Structures are given as structure tokens and as C-alpha cells.
Amino acid sequence: MNTTRRKLVTIVTEAVLEKELVSVMERFRVTGYTVTDARGRGSHGVRDAGWELGANIRVEIVCTEDVAGNLVEHLKENYYRDYAMIVFIGEIEVVRPEKF
């Protein structure tokens, strides 16, 4: 099986940021992403999505290392201070690299 390495960037943050993050991803040439509702507990307490404005989302992006690095730096500089947000990056292998 032929595979190519890519990065999986996962962002867990406040749902209120979804539209803004979509614009940011377009600016950084992200070719695709998946957004799902997220619930859990962290440093900001329990986030159960029972109140729409208090809901969290999970955004997953498969991209090149360059795109991942630039995007994550932008998120750290512009959102970490004012929003509940975590970002983590993993190394993955994809079967159709031309899509990412």
C-alpha cells in the first residue's frame, strides 16, 4: 500500500468561533476539514453543549506540515489568550495525498 505522510491538526474550542475559524482555514489554504460537536471536561470545567453559547467543537484538518505549522502559530497568537482552545498535531499516513 502506498501512503504519504501528512499532519492531522485537531482543534477543540468554543463553538462561537466556528465561522471565524473557517475563514482562517481558507486563508491558510486548508483544502478540507471536519467539524463535530464536542463535550468533555478540562481546565475550563465541564463543557456539555447544554447551552449553545457554551458548546465546544472539534475541528480536524489533514494537511501538509507547512500548512499545519503556519495555522497553529496563527491560532496560538490570536486565540489562546481569549478563548478556551487546545490544538494538537499528529503524524498520519494518507492514501490519496493529492486531496491534502
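General observations
- Accessible surface of the chain [probe 1.4 Å, protein heavy atoms]: carbon and sulfur percent: 47 percent
- Cβ-based net charge around Gly32, under 13 Å, with every Lys or Arg adding one and every Asp or Glu removing one: +1
- Straight-line cross-link reach from Lys99 at under 16 Å between alpha-carbon atoms covers these aspartates and glutamates, not counting any fewer than eight positions away in the same chain: Glu26, Glu60, Glu65, Asp66.
- For the chain, calculated [θ]222 nm from helices alone, where every DSSP H run of n ≥ 4 adds -39500 (n - 2.57): -7500 deg cm²/dmol
- Packing rank of 71-83, 9-21, where each peptide gets the mean count of other beta carbons within 10 Å, highest leading: 9-21, 71-83
- Reciprocal mean inverse distance between Cα atoms of the chain - Kirkwood radius, Å: 14.2 Å
The values are calculated or read from the model by the stated rules, or taken from the named source; none is laboratory data. Note that the coordinates shown come from a computational prediction; the quantities given were computed from them, not determined experimentally. Here Cβ is always computed from backbone atoms with ideal geometry, including for glycine, and neighbour counts include all displayed protein chains. Each accessible area value is taken on the protein alone, full model and side chains, heavy atoms only, with ligands, DNA and RNA left out. Shrake-Rupley method; radii C 1.70, N 1.55, O 1.52, S 1.80 Å.
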